[in-house]
Amino acid sequence: MKLIVLFGVFALAAARRDHDHDHERRPRPPAIVVKHRHDVGANETYEFKFAFLGMEALNETEVWLYKVDRNSEPHFVEAEFEIYTETLTNDTDVKEWLDNFKEKADKEREDRDSDREEGDREEGDRDRDREEGDREEGDREHKRRPRPPHPRPHPKFTNAVVGEITIESASCDDMGPYFLHYGEIEEREEREDDDEDRRKHRRPHPRPPRGAFYISVEDCQSVDF
């Protein structure tokens with residue numbers, strides 16, 4: 001719960017970088033792809049991938065990585081991990097990168113499910129007959145339900161900045177919440193008017209900003225936020 005509240009503190013700052021006094025329509029910010037949680041061994045060198053996706057050209061110099069720090073003002077500081085970036089400028093390369101990212105994520109999910117199933121196998125054997133009966137009833141119920149509408153197709157991204165973040169010899173200091181952001185976030189004094197305007201319209205339970213993720217390091221105490 002504390003982590004969710006803290007993400008809400010800086011979600012407003014990460015949502016917009018420039019105040020638009022004329023209320024003109026601005027370009028849509030790029031989508032961000034990154035795994036939401038990373039479990040890292042103590043002293044391990046750990047690497048993971050990310051991507052900024054858009055319909056227009058993106059700039060590698062606009063890629064920023066911040067760590068949430070409750071004791072700083074504002075409540076985030078630039079992370080010191082090594083970051084490698086590369087620009088993709090056609091939809092074929094972007095799709096290939098996304099397919100590879102999804103394939104790896106699916107493989108990790110299958111491995112976790114396999115480990116969980118191994119632990120539950122004995123209990124599952126005892127309940128197999130009952131599950132068979134429930135499955136038959138569920139199949140009959142599924143046939144009676146109307147099909148949901150076809151989901152809206154995902155946008156076809158034509159440009160991307162993809163990259164890899166490297167943590168060298170992970171320590172407890174590296175543990176905590178982070179977020180990727182396209183463009184440097186303003187200093188506090190430059191955002192005061194903008195913050196006051198957004199404060200009037202803030203959500204009661206702000207969602208974590210796009211690009212947020214958490215790094216957990218083995219044998220380290222949970223970070224107190």
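Compared with the alpha-carbon gap, the fully stretched path from Arg112 to Ile83 is longer by 7.7 nm at 0.36 nm per residue. Highest mean packing comes first when the peptides 73-85, 209-221 are listed by Cβ atoms within 10 Å, giving 209-221, 73-85.
Pairs from the table (Lys67/Lys156; Lys67/Lys107; Lys35/Lys156) lying more than 23 angstrom apart at Cα are Lys67/Lys156; Lys67/Lys107. Projected label points at His36 and Glu96, each 7 Å from Cα along the beta carbon direction, are separated by 3.0 nanometres.
Quick note: the coordinates plus some simple rules give every number you see, no bench work behind them. Since we're looking at a predicted model, the values are computed, not measured. When we count neighbours, we look across all protein chains shown, and the Cβ atoms used for this are built from the backbone with ideal geometry, even at glycine.
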